[in-house]
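Right, one structure below, let's go through it.
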Amino acid sequence: MTRTRLGIFVATFVVYVAIVVGVLTTSWPVRFDWQVMLFHPYKQWPEIHTFLDYFVVLGQRGPTAVAVAAWLGWRSYKQQSLRPLLVLGSSLLLLNVTVGAAKLGMGRLGPHYATEIGSNEMFAGGDIFPSGHTANAVVTWGVLAYLATTPLTRRVTSVIVASLAFGIGMTTVYLGTHWVSDVTLGWTAGLLVLLALPWFEPLMAYAEVHLMALLRRLRDSGALTPAPAGGLTVIAAPRPAVDDE
């Protein structure tokens, strides 16, 4: 964790707290939420509704996790390292714990279930603050930038991920499933997870050493056999008994 990264983490955390306080006190973020909600963006531009219904899937945890895990699994195979998959697993665990706890703890209702104009709709049994779609887009796709191996690749990937996360967040506002403040808090929540990952690198390195040692023991014991092309290992299937006749 460099001093620059730590400074960005602290600044992002301050923004996170400011958004939460602004919503809890029903100040200008809530007023802006209602202005956008009553504008009904999906009614203003209905011609893009179908496209955005599909586009927003890029922020859903299941499909994105599968896609990114497949790519990082291939990278793990090529690099003979479990680190890419461990980084993804650690980031998703942090995301689920932090964002999930905030969602359930603050219990905010979404625009479609709002009960009173001007209300912040907090502690009402909802689970949309911060936006999970937005935070997931930042973290799951952001892991690709975190694992980039050159400065240029990291910068380019970061710009692409930031644009994608921005688009997904704004799409949820357009569809009326999230308030604007849900989305801004989702961006900051996801960024906090990515910024915190260096603190977990020693634990991931420890886990990789022990998991690789376990794989070697399994291979040496015969439970695993090398793949024909070398590299990854597969579990050897038991051979059926053949009667000599």
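The values are calculated or read from the model by the stated rules, or taken from the named source; none is laboratory data. Small disclaimer: the values here were computed from a predicted structure and weren't measured. Glycine gets a Cβ as well: all are built from the backbone with ideal geometry, and neighbour counts include every protein chain shown. Please note that ligands, DNA and RNA were not included when accessible areas were found on the heavy atoms of the full protein model with its side chains. Shrake-Rupley method; radii C 1.70, N 1.55, O 1.52, S 1.80 Å.
If you split all Cα-Cα distances of the chain into 5 Å bins from zero, what percentages do you get per bin, shortest first?
The distribution over the chain is 1, 6, 11, 15, 15, 13, 11, 8, 6, 5, 3, 2, 2, 1, 0, 0, 0, 0, given as percents.
Distance from the Cα centre of the range 41-85 to that of the range 141-207, in angstrom?
Here the answer is 12 Å between Cα centres.
Within the range 74-166, what whole-number % of the accessible surface is contributed by carbon and sulfur, with the 1.4 Å probe and all protein chains included in the calculation?
About 67 percent, which is the carbon plus sulfur part of the accessible surface.
Placing +1 on the Cβ of each Lys and Arg and -1 on the Cβ of each Asp and Glu in the range 106-202, which of TRP141, GLY125, GLY110 has its Cα farthest towards the positive end of the resulting dipole?
Going by the charge dipole, the pick is TRP141.
Can you give the accessible area per residue of the chain, in Å², using a 1.4 Å probe?
56
Given a 1.4 angstrom probe, I'd like the percentage of the accessible area of the range 1-60 that is carbon and sulfur, rounded to a whole number.
It is 70 percent, rounded to a whole number.
Would you mind working out the magnitude of the charge dipole of the range 37-111 relative to its Cα centre, with +1 at each Lys and Arg C-beta and -1 at each Asp and Glu C-beta, to the nearest 20 Debye?
So the dipole magnitude of the range 37-111 works out to roughly 280 debye.
For the pair THR115 and SER27, what calculated FRET efficiency results from E = 1/(1 + (r/R0)^6), where r is the Cβ-Cβ distance and R0 = 22 Å, to the nearest 0.05?
0.70
List every residue whose amide H lies under 5 Å from the amide H of ALA124, counting only residues 5 or more places away in sequence or on a different chain, with H placed 1.01 Å from N in the peptide plane.
Here ARG108, LEU109 satisfy the definition.
May I ask for the net charge around THR171, where only other residues with Cβ less than 14 Å from the Cβ of THR171 are counted and Lys, Arg are +1 while Asp, Glu are -1?
Computed value for this residue: -2.
How big is D, in µm² s⁻¹, for the range 1-89 by Stokes-Einstein at 4 °C and 1.567 mPa s if Rh is the Kirkwood radius over C-alpha pairs?
Reported coefficient: 74 µm²/s.
Could you calculate the FRET efficiency of ASP127 with ASN96 from 1/(1 + (r/R0)^6), where r is the beta carbon distance between them and R0 is 22 Å, rounded to 0.05?
That gives a FRET efficiency of 0.95.
Identify the residues of the range 148-171 with backbone N under 20 Å of a label point that sits 7 angstrom from the Cα of ARG5 along the Cα-to-Cβ direction, or state none.
148-162
To the nearest 10 degrees, how steep is helix 151-175 against the longest Cα principal axis of the chain, on a 0 to 90 scale?
Helix 151-175 sits roughly 50 degrees off the main axis of the chain.
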